[in-house]
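Asker: Structure below; questions to follow.
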Protein chains: 2
Amino acid sequence: MRVEIWSDIACPWCYIGKARFEKGLASFAHRDEVEVVHRSFELDPSAGEPSGKPVVQLLADKYGLAPEQAEAAEARVADAARSEGLGYESGRLMNGSTFDLHRLLHHAKKRGPEAHAALLDAFYRANFAELLPLGDPETVVTVARLAGLDEAETSAVLADKDAYADDVRADEREAAELGATGVPFFVIDRRFGVSGGQPAEVFTQALEQAHTASGGLVQVAGQDADAPVCEDGTCDVPAERP
Amino acid sequence: MRVEIWSDIACPWCYIGKARFEKGLASFAHRDEVEVVHRSFELDPSAGEPSGKPVVQLLADKYGLAPEQAEAAEARVADAARSEGLGYESGRLMNGSTFDLHRLLHHAKKRGPEAHAALLDAFYRANFAELLPLGDPETVVTVARLAGLDEAETSAVLADKDAYADDVRADEREAAELGATGVPFFVIDRRFGVSGGQPAEVFTQALEQAHTASGGLVQVAGQDADAPVCEDGTCDVPAERP
């Protein structure tokens, strides 16, 4: 089974939803058969350079909230994060484009699934728990280095704006094709969808539903019933020509 | 979209079927959206050390064929391979367990998809075109080194019989759950199945059928309709506590 998770580093519910999903996965009997793949999604593809202002202040400005209201809202998100055992400090700074972070995540993916998982966690932690400015390339290089990526390679990827850009866009196009409008967005075996930072139990149930459904493949029409196979240690051979 | 291909290095129809699939994929309009994942399958899980005898001779012994009949059968397989542009020499030697080769393929997978693809092609070529004895660890180390893997790491994986053993078994268990009895076995988006070394056009049609069907996700039941999401640059906040 495979679960694909579309998310953005700038999205607190992706950070929290990831932990909830992992808790739900841990309660799933067939968890060893599950492969998890994280995919790119930009919450705001039109975002430019980060403003340097804390996100809370921007939200207050945008929705005409009093600063206390915006801070209280962010504090409730922080509570939700902490109750999942996640570090979370109000005052995060990331409000610019996350495109370069997603490009780097694809770079890490080429280094294997562990490198990719380590970088994703490092970015979330940097943004939500450590309040590091991920709009700053030097900070990004440091965070990536501490997550195990080569510093020179990271810098080269950041400098080359085309590097992995198509991979990010391909993920985003797939999300759109699958009907995602927001994140986190979870897809199991390209057949079952779950939206948002659901409780852990919902993820467990979703995995159980998908597992029950799996195994029933649709045999593609138009197959040659005599197409050669190898089976039980022996292989078909083509018939002798007449 | 994702295509998973279960196959064994010892299986000529896997070698040929891979080329036919790739030709079918090249004719598919949305080929850029397709990710291909190769998975492990042992044609004969009970195979032990290779006998050192050519496969043709073993087949002749096993089925009571005259040597000329066995050779003629193998020559027809060779014709099928060559008509796909593949190197193929009759006289291959690999008739022992392929478990260690699959363990190494999983090791390469950890190094990223390109490392994995290079090693798989190198093993096929070594077995079918170059007639190298893949039952011999030194030969395997050399083939892996030429495919870009670190020699010391390869030797360490070969020496540690537990390394990646669970990954190979997990692939094989999944194949069984999906109903595979022989290889090559192709699964698109865990929903559509294609068996055997089908003509390239069948693969193109299968990809088209799967593409038409994709996008229609089943929404998992029991979801909290108010689960928090981030959408269009903004994120839900939990309601204030009463």
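The values are calculated or read from the model by the stated rules, or taken from the named source; none is laboratory data. Predicted, not measured: the structure shown is a model, and the values here were computed from it. Note that we place each Cβ from the backbone using ideal geometry, even for glycine, and neighbour counts take in every protein chain shown. We work out accessible area using only protein heavy atoms, side chains counted, and drop any ligands, DNA or RNA first. Shrake-Rupley method; radii C 1.70, N 1.55, O 1.52, S 1.80 Å.
Asker: Looking only at the range B:59-71, count how many residues are over 18 Å from A:VAL229 (Cβ atoms) and surrounded by 14 or more Cβ atoms within 10 Å (Cβ to Cβ).
Answerer: Result for the range B:59-71: 5.
Asker: Kindly establish whether B:GLY85 is within 12 Å of chain A (Cβ to nearest Cβ) and in contact (Cβ under 8 Å) with a residue 60 or more places away in the chain.
Answerer: no
Asker: From the list A:GLY52, A:GLY87, which one is modelled with pLDDT of 90 or more, part of a loop (DSSP other than H, G, I, E, B) and out of contact with any strand residue (DSSP E or B) (no Cβ under 8 Å at 6 or more places or on another chain)?
Answerer: A:GLY87
Asker: Could you grab me the full set of residues in the range A:90-102 that are part of a loop (DSSP other than H, G, I, E, B) and modelled with pLDDT of 90 or more?
Answerer: Hits for the range A:90-102 are A:SER97, A:THR98.
Listed here are the residues, each with its yes/no results for (1) at pLDDT below 95; (2) surrounded by 15 or more Cβ atoms within 10 Å (Cβ to Cβ); (3) under 20 Å from B:SER46 (Cα atoms).
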{"residue": "B:LEU104", "(1), (2), (3)": "no, yes, yes"}
{"residue": "B:GLY112", "(1), (2), (3)": "yes, yes, no"}
{"residue": "B:TYR124", "(1), (2), (3)": "no, yes, no"}
{"residue": "B:VAL141", "(1), (2), (3)": "no, yes, no"}
{"residue": "B:LEU158", "(1), (2), (3)": "no, yes, yes"}
{"residue": "B:ALA165", "(1), (2), (3)": "no, yes, yes"}
{"residue": "B:ARG169", "(1), (2), (3)": "no, yes, yes"}
{"residue": "B:ALA175", "(1), (2), (3)": "yes, yes, yes"}
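Asker: Going by the conditions given, is A:ALA117 open to solvent by 40 Å² or more (accessible area, probe 1.4 Å), assigned to a helix (DSSP H, G or I), small (Gly, Ala, Ser) and within 13 Å of chain B (Cβ to nearest Cβ)?
Answerer: Yes, satisfied.
Asker: Still on this structure: For the range B:181-230, which positions are of a type in the set (Lys, Arg) and more than 7 Å from chain A (Cβ to nearest Cβ)?
Answerer: Matches in the range B:181-230: none.
Asker: Now, a different point. Just one of the numbered conditions (1) open to solvent by 10 Å² or more (accessible area, probe 1.4 Å); (2) within 20 Å of A:LEU132 (Cα to Cα); (3) polar (S, T, N, Q); (4) at pLDDT 90 or above is not true of A:SER7; which one?
Answerer: That leaves (1) as the condition not met.
Asker: Considering only the range A:126-139, state which residues are surrounded by 19 or more Cβ atoms within 10 Å (Cβ to Cβ) and either over 18 Å from the mean Cα position of the chain (by Cα) or over 22 Å from A:ASP167 (Cα atoms) (or both).
Answerer: If the condition is that a residue be surrounded by 19 or more Cβ atoms within 10 Å (Cβ to Cβ) and either over 18 Å from the mean Cα position of the chain (by Cα) or over 22 Å from A:ASP167 (Cα atoms) (or both), then A:ALA126, A:ASN127, A:PHE128, A:LEU132, A:GLY135 are the ones that fit.
Asker: OK, next. Among the candidates B:GLY17, B:GLY48, which residue alone is open to solvent by less than 10 Å² (accessible area, probe 1.4 Å) and touching a residue at least 40 places away in the same chain (Cβ under 8 Å)?
Answerer: Going through B:GLY17, B:GLY48 in turn, just one is open to solvent by less than 10 Å² (accessible area, probe 1.4 Å) and touching a residue at least 40 places away in the same chain (Cβ under 8 Å): B:GLY17.
Asker: Quick one: A:PRO238 ticks every box in (1) modelled with pLDDT of 85 or more; (2) open to solvent by less than 70 Å² (accessible area, probe 1.4 Å) bar one, so which box is it?
Answerer: (1) is the only condition that A:PRO238 fails.
Asker: Residues of the range A:188-222 being in a helix (DSSP H, G or I), surrounded by 15 or more Cβ atoms within 10 Å (Cβ to Cβ) and of a type outside the set (Phe, Trp, Tyr), which ones? Break it down into steps so the answer makes sense when it comes.
Answerer: Keep residues of the range A:188-222 that are in a helix (DSSP H, G or I), which gives A:200-213.
Going one step further and asking which of them are surrounded by 15 or more Cβ atoms within 10 Å (Cβ to Cβ), we end up with A:200, A:202-211, A:213.
Hits for the range A:188-222 are A:ALA200, A:VAL202, A:THR204, A:GLN205, A:ALA206, A:LEU207, A:GLU208, A:GLN209, A:ALA210, A:HIS211, A:ALA213.
Asker: Are any of the residues in the range A:75-82 within 30 Å of B:HIS106 (Cβ to Cβ) and at pLDDT 90 or above?
Answerer: no
Asker: With the structure loaded, tell me whether B:GLU74 is buried (at least 22 other Cβ atoms within 10 Å of the Cβ), without any contact (Cβ under 8 Å) to a residue 40 or more places away in the chain and not β-branched (Val, Ile, Thr) or whether it fails that test.
Answerer: Yes; evaluated as a whole, the condition is true for this residue.
Asker: Could you list all residues from the range B:10-28 that are closer than 21 Å to B:LEU132 by Cα and among the hydrophobic types (A, V, I, L, M, F, W, C)?
Answerer: Matches in the range B:10-28: B:ALA10, B:CYS11, B:TRP13, B:CYS14, B:ILE16, B:ALA19.
Asker: When you go through (1) open to solvent by 60 Å² or more (accessible area, probe 1.4 Å); (2) touching a Lys or Arg at 6+ places or on another chain (Cβ under 9 Å); (3) of a type in the set (S, T, N, Q) one by one for A:SER83, which number turns out not to apply?
Answerer: (2)
Asker: Also, I was wondering about something else. Looking only at the range A:20-33, filter to residues that are of a type in the set (A, V, I, L, M) and out of contact with any helix residue (DSSP H, G or I) (no Cβ under 6 Å at 6 or more places or on another chain); which one of those is least open to solvent (accessible area, probe 1.4 Å)?
Answerer: Filtering the range A:20-33 for residues that are of a type in the set (A, V, I, L, M) and out of contact with any helix residue (DSSP H, G or I) (no Cβ under 6 Å at 6 or more places or on another chain), the one least open to solvent (accessible area, probe 1.4 Å) comes out as A:ALA26.
Results for (1) part of a loop (DSSP other than H, G, I, E, B); (2) in contact (Cβ under 8 Å) with a residue 40 or more places away in the chain, shown as yes or no for each residue.
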| site | (1), (2) |
| --- | --- |
| A:THR142 | no, no |
| A:LEU149 | yes, yes |
| A:THR154 | no, yes |
| A:VAL168 | no, yes |
| A:ASP171 | no, yes |
| A:ALA176 | no, no |
| A:GLY179 | yes, no |
